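Every read-out reported here was derived from the displayed coordinates using simple, explicitly stated rules and does not represent laboratory data. Here the structure is a predicted model, which means the values were calculated and not measured. Every residue, glycine as well, gets a Cβ built from its backbone with ideal geometry; the counts of neighbours run over all protein chains shown.
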Amino acid sequence: MMTLTEDQIDALNEVINIGIGTAINSLNDLVNSFIKLSIPKIELIHRDALPPHLGLDNYSVILQSFEGSFNGVASLIFDQETAKKLVATIIDIPIDSALLETSINETLSEVGNIIINALIGHISNILHANLHFKLPFYTTGTIQELSKYFYIDDNDNVLLIATTKFEIESIQIDGFILLSFPSKSLEKLLSLIFKVFNDDE
């Protein structure tokens, strides 16, 4: 299995952190509340492994894939009760409203589109990369059931996974942003990162 050097991990962390900061600012605008961020956790995992820190909950997930200078999938992950609370906050309805169930798919897809485009769009601008986004989609399930969506290439058995936990303290909501990059695309991504870093020196 391939490995990452400390310099590569630091470079990935720096670029991903900047993109996530931009994404969280977009979420902040939606909920008008301070959001606490954890440091991104970067790891290489086999196809049959899963990020252990995500647990065994049933999740609501918005996923959006992108292809071009490098390929990957960005996901916004909430447990299902938290997702309902977020939607109720954004569209300003009681959490027990009958309207909530009919609004959750459309609202979370829109939220995901705003946040993921802010995240990946900012990273692609930093790296001067050309990316094409597919439409986001919303689904539910356990991480085991959802993991198939983190892969773009069925022949790629290793993924680079970057996860960041965020907390919206005032309304007691937390979730994860998960980025997955196939190992075949990782070399392209790192090459772009170090080219930008070297040009800035």
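A few notes on this one:
- Per-residue Karplus couplings for region 64-71, computed as 6.51 cos²θ - 1.76 cosθ + 1.60 with θ equal to phi - 60°, are listed in order as 8, 9, 9, 9, x, 4, 8, 10 Hz, Gly and Pro entered as x.
- Distance between modelled label sites at residue 30 and residue 188, nm, 7 Å Cα→Cβ extension: 2.8
- Extension gain for residue 102 to residue 46 (0.36 nm times residue separation, less C-alpha to C-alpha distance): 16.5 nm.
- Two tests apply to each whole DSSP H helix in the chain, Cα reach of 18 Å or more along its axis and mean Kyte-Doolittle hydropathy of at least -1.0, and the ones passing both are 6-31, 99-127, 183-200.
- Pairs beyond 20 Å (Cα-Cα), from 41/85; 36/85; 36/165; 165/195; 41/165: 41/85; 165/195
- Taking amide H atoms as placed 1.01 Å from N in the peptide plane, the amide H of residue 68 lies under 5 Å from those of 132, each 5 or more residues away in sequence or on another chain.
- The alpha carbons of region 6-200 give a radius of gyration and a Dmax of 16.4, 55 Å, in that order.
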